[in-house]
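Single-structure report; data block below.
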């Protein structure tokens, strides 16, 4: 194999190895009481969201239910009581 071609292949392979993506996985919960749903808003009240958040990088071996419990507690406080239903997707 020609050294110029071999060097070019190695350079391409090295740049491919360096190219990777970072993914953030989040969990959200839809809280319902009778026919009312809980939506969170920002300080201005223009954006709506559900309680929840990203899975921390050290939580890879923690059950998803425990992560949701942590997120709900962080955003809504210790006094909020809820029962998890079916997972939507």
Please go through (1) on the phi < 0 side of the Ramachandran plot; (2) out of contact with any strand residue (DSSP E or B) (no Cβ under 6 Å at 6 or more places or on another chain) for residue 71 and return the number of the only condition it doesn't satisfy. (2)
Residue by residue through region 22-36, note down the ones that are surrounded by 10 or more Cβ atoms within 10 Å (Cβ to Cβ) and closer than 15 Å to residue 76 by Cβ. 27, 28, 29, 30, 31, 32
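No value in this document is a laboratory result; all are computed from the given coordinates. Since the model is a prediction, treat every value here as computed from it, not as a measurement. Positions of Cβ are generated from backbone atoms using ideal geometry, with glycine treated the same way; all protein chains shown enter the neighbour counts.
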